[in-house]
1. Near the amide H of His46, under 5 Å away, which other amide H atoms are found, from residues 5 or more places off or on another chain, if H is placed in the peptide plane?
2. Step through the table entries Lys98/Lys164; Lys61/Lys97; Lys89/Lys183; Lys38/Lys118; Lys41/Lys103, compare each Cα-Cα distance with 30 Å, and write down the pairs that go over it.
3. For segment 65-78, just list the computed ³J(HN,Hα) in residue order, Karplus coefficients 6.51, -1.76 and 1.60, θ = phi - 60°, integers in Hz, with x standing in for Gly and Pro.
4. Only Cα pairs under 8 Å and at least 6 apart count here; give the relative contact order of the chain as a rounded whole percent.
5. Roughly what % antiparallel, to the nearest 5, for the DSSP beta bridges in the chain?
6. Run the dipole for the chain about the Cα centre, Lys and Arg Cβ at +1, Asp and Glu Cβ at -1, nothing else charged, and hand back the magnitude in debye, nearest 20.
7. Where does each of Phe116, Phe47, Phe150, Phe187 land when they are ranked from fewest to most other beta-carbon atoms within 10 angstrom?
8. Order these by the 10 Å Cβ neighbour count, fewest first: Leu162, Leu140.
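No lab work stands behind these numbers, since they all come straight from the coordinates. As the structure is a prediction and not an experimental result, all values here were calculated from the model. Ideal geometry is used to build each Cβ from the backbone, glycine not excepted, and the neighbour counts take in all protein chains shown.
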Amino acid sequence: MAIKTIILLRHGQYKSEPSEKLTSLGRQQAVRAGKRLKSIKLDKIHFSTLPRAYETAEIVKVTLAYPKKLHGSDFLHECVPGFPKKLRKKHGYTDEKKLMKDKRQADRAYREIFTFSKRNCTELVVCHGNIIRYFVCKALGIDTESWRKFDIKQCGITVIQLNKKSRSLNVISHNDVGHLPVKMQTFM
């Protein structure tokens, strides 16, 4: 029975525009996340090519002494993969074309990452809160517009397993921040 384990890691705290580089705290969060994952043999590390996710992935790679190449994907970029119509104007999401483009991007990222495997494997995906929450909704089989109801801290860890034999997806954990002291837990 082949199990594919996908570990979703949100990037560390970052500076707003223009650089979007990690803050000192964000780098510390990434080191702690790497240490938290140290006992897990990773077969592959994917990352969003936005600076905050790339930098987080590089820090985790160094912390783990991971010897392989990292795999970047523009499809893992932050986006708004849907928003309830009745709330769009209130929250400023009125560009229907942008929302559809973002949903297609999130669906493409999901198809890239959430594939069944012929053997047991574990892959790390370093990306963004909205994408992770969207993936959780897809894995649970619930309305994907519900993604905004899930909280996810910076460097929070979510684990989803895909079972090839039963063709099932199971959310093992969501937003695990046990590796971060409370004072290091941030959302923005």
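1. Amide H neighbours of His46, under 5 Å, 5+ apart: His71, Leu124, Val125, Val126.
2. Values: Lys98/Lys164 34 Å; Lys61/Lys97 36 Å; Lys89/Lys183 35 Å; Lys38/Lys118 24 Å; Lys41/Lys103 32 Å.
Going by Cα-Cα distance, Lys98/Lys164; Lys61/Lys97; Lys89/Lys183; Lys41/Lys103 fall outside the 30 Å limit.
3. 6, 6, x, 8, 6, 7, 10, x, 9, 5, 5, 8, 4, 4
4. On the way: 385 pairs, mean separation 62.2, N = 188.
Rounded, it is 33 percent for the chain.
5. On the way: 14 of 28 bridges.
Counting only bridges with both partners in the chain, antiparallel ones make up about 50 percent.
6. Dipole of the chain, to the nearest 20 debye: 340 debye.
7. On the way: Phe116 14, Phe47 24, Phe150 17, Phe187 11.
In increasing order of surrounding Cβ atoms, one gets Phe187, Phe116, Phe150, Phe47.
8. On the way: Leu162 21, Leu140 16.
In increasing order of surrounding Cβ atoms, one gets Leu140, Leu162.
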